[in-house]
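Notes to accompany the following structure.
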Amino acid sequence: MEVSYFPGCTLKQTARNFEISAISSCKLLGLDLTELSRWNCCGTVYSLSTDDSMHHLAPIRNLIRVQEDGFKEVVTLCSMCYNTLKQANELMKKEPDRLKKMNDFMYREEDYIPDVEVYHLVTYIKERLGYEKVRELVKQPLTGLKVAVYYGCLLLRPDSIKLDDRENPMIMEDLLTALGAEIIDYPFSNECCGSYHTLGQKEIVLNRTNKLITEARRDGADVLVLSCPECDFNLDHRQKDTLEKYPNFQTMPVLYFTQLLNIALGGNLEDCGFELNYIDPLPVLREKGIIK
Amino acid sequence: MKIEIKNEEVRSEIIQRIEEISGENIYKCYQCGKCSAGCPSADEMDLLPNQVIRNLQIGKVDAVLNSRSIWVCATCYMCWIRCPRGVNLTSLFEACRLMTLRQNLDQVGLKEAIKESEEMDIPQIAIISLLRKLTS
Ligand code: SF4
Ligand code: SF4
């Protein structure tokens, strides 16, 4: 099944492990992620002011590309891209006057007709394949691996874009359960990691990383699983500075959900791109007998 | 502490602009404090989210615009989705930041941000979102 796919900038750079593991695991699921023939940065954050249309141009331009490629749906992976594309799309559906203004502004583009649907990969897998089908395709169950799922903000909020119940989401947990993992009750799964303050106000992020990882440890998790390169940077790579600030801090591997999906479906280890993870997840995966 | 509430401050032009830009009615808030209870940035704030909106209600806009709070908010949307009155405090925070940013008063320098990002492999989305939120 061919699926139109918007990667976003970070998946081509620091989060290549997210992209390659997603492409590989989708192939094993029978989904062919077809990158848009042209795309641009989505702008990363949705503009919250009523009088600003300028910043909606970037996400909407990408949705025009989906149209041009002949698709009605687009799948994305990064939480920030997902949130921005989807919120901008919802706005266009709700405000025809603004859509007209924006179409006029982009007069050399074809008009955007707001009937493209923006999907996060996890929803797409759930709705199109179903987790039963995923379970049947598992070659290497994640038996014994205790996982804390971390959604952060942008997959659950605001309401117009939420993947699942915003206070008690299960969509990611259910997928990982289908893969054989053991899910840990993790109360901070929808807390904020500090996001872009990692530049400029790093201390905010170090406090959050300490809090979020320490809680996952206390709850008994072996690894934390997520779907955002921003959260991943803060919760994985920033563990280095967190340890400097809090000497008793205990590190924990942080993985993209697609990395575990790829392993469970019997994909190649090279397609997980683990060399880009800061805290090495290989020892715990070996210890559990999930990889050799 | 004695606070003097002045009519001209309460309906000042700038407060009306904040309401307009955020699309939110500040008088919907009944000060239950739920926004502050759930705000992950509350620890780093000098004015709690419910105090931010209270100050706007009583016309003390300078206290809000000069606060650290509006710059440590990371737009996580928690206050908005949990508010029993449906107050979109997330957009109100954004509007307050824009009051400063739209005077061309950037809160971070592009050069410093890029330089800092080169020291480590900072994700591209972090650089862009920081600049989107803290510069005009
Ligand atoms: S949660 Fe809503 S009503 Fe309660 S104090 Fe905050 S903004 Fe006001
Ligand atoms: S959006 Fe800002 S003010 Fe609201 S809960 Fe999040 S950090 Fe706090």
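Bear in mind these aren't lab numbers, they're just calculated from the coordinates by the rules spelled out. Here the structure is a predicted model, which is why all the values come from computation and not from measurement. No Cβ is skipped: glycine too gets one built from the backbone with ideal geometry, and neighbour counts run over all protein chains shown.
Between Rg and the Kirkwood Rh of the protein assembly as shown, both from Cα atoms, what is the Rg to Rh ratio? The partial results should precede the final answer.
Details: Rg = 21.8 Å, Rh = 22.4 Å.
Reported Rg/Rh (Cα atoms, Kirkwood Rh): 0.97.
Ranked highest first by average number of other Cβ atoms within 10 Å, how do A:122-128, A:86-92 line up?
Values: A:122-128: 18.6, A:86-92: 22.4.
Descending packing order for the listed peptides: A:86-92, A:122-128.
Test of understanding: extend the Cα→C-beta vector of A:GLU35 to 7 Å, then name every residue of the range A:226-260 with backbone N under 15 Å from that spot. Hits in the range A:226-260 for A:GLU35 at 15 Å: none. Across the range A:64-74, computed HN-Hα scalar couplings (Karplus, 6.51 cos²θ - 1.76 cosθ + 1.60, θ = phi - 60°) run 5, 4, 4, 4, 4, 7, x, 10, 10, 9, 9 Hz from first to last residue, x flagging Gly and Pro. Of interest is the spacing of the C-alpha centroids, which for the range A:192-216 and the range B:32-107 amounts to 19 Å. To test your reading of the geometry: what angle, between 0 and 90 degrees and rounded to tens, separates the Cα axis of helix B:89-101 from the longest principal axis of chain B? Helix B:89-101 sits roughly 70 degrees off the main axis of chain B.
Database remark: amide H of A:THR34 closer than 5 angstrom to the amide H of A:VAL3, A:SER4, A:TYR5 (H placed geometrically; neighbours at sequence offset of 5 or more, or on other chains; Pro and chain starts carry no H).
The phi torsions of the range A:42-49, fed into the Karplus equation with coefficients 6.51, -1.76 and 1.60 and a -60° offset, translate into couplings of 7, x, 6, 10, 7, 6, 9, 9 Hz, rounded to whole numbers, with Gly and Pro shown as x. The string of couplings for the range A:160-167 from the Karplus curve (6.51, -1.76, 1.60, θ = phi - 60°) is 5, 10, 4, 6, 6, 3, 6, 9 Hz, one whole number per residue in order, with x for Gly and Pro.
Could you tell me what fraction of 2.2 N^0.38 Å the Cα radius of gyration of the range A:139-287 comes to, as a two-decimal ratio? Write down the numbers at each step before the final one.
Details: Rg = 14.7 Å, N = 149, 2.2 N^0.38 = 14.7 Å.
Expressed relative to 2.2 N^0.38 Å, the Cα Rg reads 1.00.
Tell me the relative contact order for chain A as a rounded percent, counting alpha carbon contacts under 8 Å between residues six or more apart. It would help to have the intermediate numbers written out before the result.
On the way: 501 pairs, mean separation 60.6, N = 292.
Answer for chain A is 21 percent.
About the Cα centre, and with charges only on the beta carbon of Lys, Arg (+1) and Asp, Glu (-1), how big is the dipole of the protein assembly as shown? Nearest 20 debye, please.
Numbers: 51 positive and 62 negative charges, 118 e Å.
Around 560 debye, computed over the protein assembly as shown.
Once the mean of 1/r is taken over each pair of separate Cα atoms and inverted, chain B shows a Kirkwood hydrodynamic radius of 15.8 Å. Note on A:LYS288 and A:LYS133: their simple-model spin labels are 2.5 nm apart, each label 7 Å out from Cα toward Cβ.
In nm, to one decimal, how far is the modelled label at A:LEU57 from the one at A:THR143, with both set 7 Å along Cα→Cβ? Result: 5.7 nm between the two label points.
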